Amino acid sequence: MTLKKYLNKIEDFTGRTIVVIGATSGIGLALLTHLENKNAKVILLARNLSKANEIKKSHKNIIDVIEYDQTSTISIDKAIDTLISTHQEFDSIVLNCGILFNKTILENGYSTTIMTNYVGARYFIDNISPKLNHNVRFVIQGSIAAGLMKKNKKYDLTSRKLTKFGEYNISKGYLEAYFYKLVKENKYPNIEYVLTEPGICATNIIRHMVRPIRVLGKGFLATFFHPTKIASLPLLTGLSKLSKNGDYIIPRGIFSLSGYPKIKDLPLKRRRPYLFE
Ligand SMILES: NC(=O)c1ccc[n+]([C@@H]2O[C@H](COP(=O)([O-])OP(=O)(O)OC[C@H]3O[C@@H](n4cnc5c(N)ncnc54)[C@H](OP(=O)(O)O)[C@@H]3O)[C@@H](O)[C@H]2O)c1
């Protein structure tokens with residue numbers, strides 16, 4: 001398989017508008033190039049407006065940039081109001097933003113990692129969903145690390161005892177279980193949900209690690225795993241007609257660490273309904 005061959009399997013997106021959260025770096029930024037090549041219009045939700053506006057200059061298909069910080073419910077509420085009042089045309093929302101190794105405790109008691117990767121993402125989904133009166137698909141970025149979360153255990157998400165890496169696994173584990181709950185409940189018949197994983201790739205996600213690990217880690221990841229233009233294909237596939245509501249899209253390589261996307265059902269052990277009982 002080549003990138004060109006895989007991209008040829010995905011239809012043209014002319015006439016579509018896609019909201020992308022977390023596209024100012026790494027995998028989300030790579031997705032923007034695919035979306036431009038597929039002729040989709042894009043609305044960026046970003047915490048760093050100057051960075052987002054700089055990116056807008058080189059991607060002519062970006063039609064708007066809205067300020068959005070997934071660690072703040074005030075910011076999320078404001079962004080939802082702006083998005084709903086100024087754009088009714090979007091058909092999909094990509095929830096890609098995520099963070100690793102940031103234990104800074106926020107006013108609401110959650111660490112930055114737990115808030116960004118799960119609590120904030122869930123708050124956004126829960127609060128925008130009743131306001132959507134047209135068909136919308138959420139494409140949610142999970143992680144292979146979610147599989148490392150212990151089975152049959154509920155967590156206190158404000159616990160200070162969680163390790164930095166534990167917080168990441170748990171936040172992504174809760175997010176993927178929440179995806180499954182949304183699909184099963186089908187509370188909003190106009191909304192579809194797809195969960196993706198990028199595999200492993202070198203990005204700024206390691207920015208909060210200590211410097212030697214950051215420097216060595218980036219080189220190691222870039223050498224042994226796949227580039228962001230491939231790691232972003234599960235998101236692109238999740239936006240396409242190749243996938244449907246409830247699909248789980250991961251790299252097809254060994255241990256799902258790299259490779260072109262494959263579509264499957266979320267494994268039973270990863271559904272974790274007990275987290276919400
Ligand atoms: N890289 C990997 O190997 C890997 C593996 C598994 C899963 N993932 C997942 O893939 C997604 C993208 O990660 P990446 O590797 O591309 O990392 P990245 O390069 O660090 O990009 C993360 C993106 O999320 C945004 N973001 C972070 N916190 C935010 C907040 N509070 N509000 C709004 N936006 C925020 C960042 O904005 P700024 O530009 O302002 O920082 C950036 O656009 C994440 O969900 C990550 O967990 C990555």
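What the table below lists for this structure:
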| read-out | value |
| --- | --- |
| Residue in the stretch 71-84 that is within 12 Å of the ligand (Cβ to nearest atom), over 30 Å from Leu3 (Cα atoms), hydrophobic (A, V, I, L, M, F, W, C) and in contact with a Ser or Thr (Cβ under 6 Å, 6 or more places away or on another chain) present | no |
| Flag for Arg137 being within 30 Å of Lys161 (Cα to Cα), among the basic types (Lys, Arg) and at pLDDT 95 or above | no |
| Selection count, the stretch 134-179, where residues are in contact with a strand residue (DSSP E or B) (Cβ under 8 Å, 6 or more places away or on another chain), under 19 Å from Ile114 (Cβ atoms) and buried (at least 18 other Cβ atoms within 10 Å of the Cβ) | 8 |
| Test: residue in the stretch 48-57 that is in contact (Cβ under 8 Å) with a residue 24 or more places away in the chain, surrounded by 14 or more Cβ atoms within 10 Å (Cβ to Cβ) and closer than 30 Å to Lys262 by Cβ | yes |
| Test: residue in the stretch 68-80 that is among the basic types (Lys, Arg) and either at positive phi or out of contact with any helix residue (DSSP H, G or I) (no Cβ under 8 Å at 6 or more places or on another chain) (or both) | yes |
| Test: residue in the stretch 103-112 that is over 18 Å from the mean Cα position of the chain (by Cα), assigned to a helix (DSSP H, G or I) and either more than 13 Å from the ligand (Cβ to nearest atom) or in contact (Cβ under 8 Å) with a residue 24 or more places away in the chain (or both) | no |
| Of the criteria (1) part of a strand (DSSP E or B); (2) touching a Lys or Arg at 6+ places or on another chain (Cβ under 9 Å); (3) within 25 Å of Phe165 (Cα to Cα), which one Gln70 fails | (1) |
| Selection count where residues are surrounded by 15 or more Cβ atoms within 10 Å (Cβ to Cβ) and more than 16 Å from the ligand (Cβ to nearest atom), scope the stretch 4-38 | 7 |
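The values are calculated or read from the model by the stated rules, or taken from the named source; none is laboratory data. Quantities reported herein were computed from a predicted structural model and do not represent experimental measurements. Counting neighbours? That spans all protein chains shown, and the Cβs are built from the backbone with ideal geometry, glycine included.
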